[in-house]
Amino acid sequence: MMPSLIALLLTALSGSALACQAPTPDSLRAAWIAVRAAALQDDPGASARLYKFPLLLLSPFDGDRPLRVTRTAFNDNYVDLFGAEIQFRQELKKTRWLAQSIYMPEAYGLFKDGVTDGIR
């Protein structure tokens, strides 16, 4: 009885392992483009379409249970989660002195008043 149970378990595990395949560079590139485009829209619906819900958010503390986040909760709390990045992108679009393709919050915080002394 026990050997057949072990064989059944190993068969089930090996079947699921075979189903997982490494992504191709083209599929990774396409996934990155989709994620970046959704993030730049600052629209919770666009980002939510890329995830499988419920999400499990792991705690940084040992012993805490992961939080289960539903699609509705994700959409309702989108600004709380990504508000700083949204605000930074909106302010960065208004600047002319800092290259808009650079994402450096530390530098932006230091030089947001327009002083560019020391930047080469």
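Here are the numbers:
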item: Per-region count, segment 63-110, residues assigned by TED's automatic domain parsing to the domain that holds residue 42 and either touching a Cys at 6+ places or on another chain (Cβ under 6 Å) or at pLDDT below 80 (or both); result: 0
item: Single residue of segment 17-31 satisfying the filter (small (Gly, Ala, Ser) and part of a helix (DSSP H, G or I)) that is modelled with the lowest pLDDT; result: 17
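Yes/no per residue for (1) assigned to a helix (DSSP H, G or I); (2) on the phi > 0 side of the Ramachandran plot; (3) free of Cβ contacts under 8 Å to residues at least 24 places away in the same chain:
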site	(1), (2), (3)
50	no, no, yes
53	no, no, yes
56	no, no, yes
63	no, yes, yes
68	no, no, yes
80	yes, no, yes
87	yes, no, yes
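The values are calculated or read from the model by the stated rules, or taken from the named source; none is laboratory data. A quick note: this is a predicted structure, and the numbers were derived from the prediction, not measured. In this analysis, Cβ positions are derived from the backbone assuming ideal geometry, glycine residues included, and neighbour counts consider all displayed protein chains.
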